[in-house]
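The values are calculated or read from the model by the stated rules, or taken from the named source; none is laboratory data. As the structure is a computational prediction, the values presented were derived from the model and not from experiment. Counting neighbours? That spans all protein chains shown, and the Cβs are built from the backbone with ideal geometry, glycine included.
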Amino acid sequence: MIGQLFGSKVVAIDIRQDELDEAPSGPIKVCADAKQLSFTDGYFAAATAFYFFLYVNATDYLPVLKEAFRVLRPGGSLYIWDTAITTKTPKAKNLYIVPITVKLPEKVVHTAYGVNWVNRNLCSEIIASQAISAGFVIGSKVKKGQAFFLECMKPDFYS
C-alpha cells in the first residue's frame, strides 16, 4: 500500500519473492529477511510495517525491531499498522482473516490478510514493549477495533 502511494521512493521488502512479484508496480522490490537487511546503518529516514507483524513469529519481533532501528537514521520513525490477534478459541477456525479497506488518493483498495491462528497472539502492547526494548520511543498510538497504529521513533541523540 505504501508503495502505491509513494512509488519508487519506497523500498518494499519481503522474504518471499512471489509476494513481491504479485505486488503492484511502483516501489523498488527487495527480497530479504527483515531480521538481517543488507542496508547500511541509518540508511532510511522512515520505515513502515503494514500488516507485517501478524506474519512474524513472536520470537522474531525483537530481532526485526532491532534491525529496523539499525537501518533508521537518528530521528527517524517506524510506522506500524497491524491487527490484534487474540488467543484462538477451540471452536474458531484455524485461519485468522483481516479484511482491509485502504483509501488511496485515486482509488479504494479492498484486500485481506490471513494467517494460521494457532499459537498466534498479537497486540499493540506486545509490539510497543518490544520496540522499546529495541531502543525506540513510542510516539503516536491509535487503536480502532482490532486494528492498531504505532509510531516508533529512533531518538536523535545529536540534537
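Does Ala112 satisfy the criteria of being small (Gly, Ala, Ser) and touching a helix residue (DSSP H, G or I) at 6+ places or on another chain (Cβ under 8 Å)? The answer is no for Ala112. Applying the set (1) closer than 28 Å to Gly7 by Cα; (2) surrounded by 13 or more Cβ atoms within 10 Å (Cβ to Cβ) to Ala134 leaves exactly one unmet item: (1).
Within this structure, Ala49 passes the test of being surrounded by 19 or more Cβ atoms within 10 Å (Cβ to Cβ), within 19 Å of Gln4 (Cβ to Cβ) and hydrophobic (A, V, I, L, M, F, W, C). Just one of the listed residues (Pro63, Pro99) is surrounded by 13 or more Cβ atoms within 10 Å (Cβ to Cβ) and either of a type in the set (Lys, Arg) or farther than 16 Å from Gln4 by Cα (or both), and it is Pro63. Looking across Glu125, Glu106, Glu151, one residue alone is at pLDDT 95 or above and over 21 Å from Thr86 (Cα atoms). It is Glu151.
Kindly establish whether Lys93 is among the basic types (Lys, Arg), modelled with pLDDT of 85 or more and either touching a helix residue (DSSP H, G or I) at 6+ places or on another chain (Cβ under 9 Å) or surrounded by fewer than 16 Cβ atoms within 10 Å (Cβ to Cβ) (or both). So Lys93 fails the test. Checking each residue in segment 109-122 for being aromatic (Phe, Trp, Tyr) and at pLDDT 85 or above picks out only Tyr113.
If the condition is being free of Cβ contacts under 8 Å to residues at least 12 places away in the same chain and part of a helix (DSSP H, G or I), then segment 29-79 contributes only Thr59.
Looking across segment 1-23, just one residue is of a type in the set (Val, Ile, Thr), in a loop (DSSP other than H, G, I, E, B) and surrounded by 15 or more Cβ atoms within 10 Å (Cβ to Cβ), and that is Val10. When Asp82 is tested against the conditions (1) of a type in the set (Asp, Glu); (2) more than 22 Å from Lys141 (Cβ to Cβ); (3) in contact (Cβ under 8 Å) with a residue 24 or more places away in the chain, the lone failure is (2). If I filter segment 102-131 down to residues being in a loop (DSSP other than H, G, I, E, B), of a type outside the set (D, E, K, R) and surrounded by 12 or more Cβ atoms within 10 Å (Cβ to Cβ), which single residue comes out as nearest to the chain's Cα centre (by Cα)? Filtering segment 102-131 for residues that are in a loop (DSSP other than H, G, I, E, B), of a type outside the set (D, E, K, R) and surrounded by 12 or more Cβ atoms within 10 Å (Cβ to Cβ), the one nearest to the chain's Cα centre (by Cα) comes out as Cys123. Scanning segment 24-46 for residues that are within 20 Å of Met153 (Cα to Cα) and surrounded by 12 or more Cβ atoms within 10 Å (Cβ to Cβ) turns up Ala34, Lys35, Leu37, Phe39, Gly42, Tyr43, Phe44, Ala46.
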